[in-house]
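This report refers to the structure that appears directly beneath it.
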Amino acid sequence: MADLKKEIRNNFNGAVHYYHEHANLQKNIADRLAKALEPWQYSVPDGPILEIGAGTGFFTRHLQKMFKNRELIITDLSEEMVEFCREQFSETGNTTFRKLDAEKSGFEESRYALITGNYVSHWFKHPAQTLSKIATSLKPGGIFLISFPASESFSNWRQYCLDLGIPYTGNTLPDLEKVVIDLSMGPFQVDYYEDDMIETFSSVFDFFRHLKNLGSSTNFNNSSLSIKQLNLLNEYWLEQEKGRVKVQYHTAFIAAKRDLES
């Protein structure tokens, strides 16, 4: 996993500017996550706020607007993403930026009033376990707000590979039910919402190129397709969807509130 984590970090290090300009799905989900936070905004207890996997700051800008006088700790695995956020938002008396590996780091019990993570959990080797660990760092009454592409994502891609008898090369994504169950075993009230979002490309090659340019091409299974298989998948996908490659993301939004008595 150490080499894989290094690859993830390096890929995102080299993708900062493209990601900021073209990660439209992640930006859209950050906006929706902020809308979900609005009703909770004034019930967040006193204390610092932690953002995990900030990327180029799509959700960070919402946090700065909503919590102007709070201590904000903005983190990412990629030092280049952290530096981009630092330059974009400027480090102030109440906002700091730092590199953080959420899977390796220890989390102090009952420290944070709010912990957020927009589209980052699928990069964890053990998403449910890691998220449950992070959640223990919430103060009583604190809120954990996260989003991620769940395991039902890319159903059409998986089906087309099955139809053609070629390997599906996408990564295994977090199981929403397992994440919810694991969080519910702790002192948390858990609510969630899920829906599908579609991105459209002119070809399979454009889709894979987009993933690579975003820094999202790290393959957990070290699997790949030959040129012949790629061409076959491209032709079949375009045939099934009338000349376009539609990519389906099944996105999970989870809000967990720590019990006041815990």
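The values are calculated or read from the model by the stated rules, or taken from the named source; none is laboratory data. Worth saying up front: this structure is predicted, and the values here are computed from it rather than measured. With ideal geometry, Cβ positions are generated from the backbone for all residues, glycine too; neighbour counts draw on all protein chains shown. For accessibility, only protein heavy atoms count, side chains too; no ligands or nucleic acids. Shrake-Rupley method; radii C 1.70, N 1.55, O 1.52, S 1.80 Å.
A few notes on this one:
- Against the chain, whose longest principal axis is taken from its Cα atoms, helix 155-164 shows a tilt of about 30°.
- Accessible surface comparison of Met185, Met81, Met197, probe 1.4 Å, protein chains only, largest first: the order is Met185, Met197, Met81.
- Compactness of region 176-262, taken as the C-alpha radius of gyration over 2.2 N^0.38 Å, stands at 1.57.
- Averaged over residues, the count of other Cβ atoms within 10 Å places the peptides 161-172, 23-34, 116-127 in the sequence 116-127, 23-34, 161-172, highest first.
- Solvent-accessible area per residue for the chain (1.4 angstrom probe, square angstrom): 47
- Phe220, Phe12, reordered so the largest accessible area comes first (probe 1.4 Å): Phe220, Phe12
- Convex hull volume of the Cα atoms of region 38-119, normalised per residue: 93 Å³.
- Where only DSSP H runs of four or more residues are counted, the chain gives -12000 deg cm²/dmol as its mean residue ellipticity at 222 nm, each run worth -39500 (n - 2.57).
- Residues within the reach of a label modelled at Asp163 (point 7 angstrom out along Cα to beta-carbon, backbone nitrogen below 20 Å), restricted to region 180-202, are 197-202.
- Using a Förster distance of 41 Å, the FRET efficiency for Asp206-Glu108 (Cβ separation, nearest 0.05): 0.40
- Once you reduce region 190-243 and region 65-113 to the center of their Cα atoms, the two points are 31 Å from each other.
- Mean projected area in nm² (Cα convex hull; one quarter of hull surface) for region 145-221: 6.7
- Coupling constants for region 196-207 follow from the phi torsions by the Karplus curve (6.51 cos²θ - 1.76 cosθ + 1.60, θ = phi - 60°), and in residue order they are 9, 10, 10, 10, 10, 10, 7, 7, 4, 5, 5, 4 Hz; glycine and proline get x.
- Rounded tilt (10° steps) of 24-37 against the dominant C-alpha axis of the chain: 30
- Computed 3J(HN,Hα) for region 51-58, one whole-Hz value per residue from the Karplus formula 6.51 cos²θ - 1.76 cosθ + 1.60 where θ = phi - 60°, is 10, 9, x, 5, x, 9, x, 4, glycine and proline marked x.
- The share of Cα pairs per 5 Å bin across region 103-262, counted from zero up to the longest distance, runs 2, 8, 16, 19, 16, 11, 10, 8, 6, 3, 1, 0 percent.
- Figure note: Arg158, Arg258 ranked by solvent-accessible area, largest first, 1.4 Å probe, ligands and nucleic acids not counted: Arg158, Arg258.
- Structural descriptor for the chain: relative contact order 23 percent, calculated from alpha carbon pairs under 8 angstrom and at least 6 residues apart.
- Over all pairs of different C-alpha atoms in region 1-78, the reciprocal of the mean inverse distance, the Kirkwood hydrodynamic radius, equals 13.9 Å.
- Fraction of accessible area attributable to carbon and sulfur, the chain (%, probe 1.4 Å): 48
- Within region 188-202: backbone nitrogen closer than 15 Å to the Asn24 label point (7 Å, Cα to C-beta): 197-202
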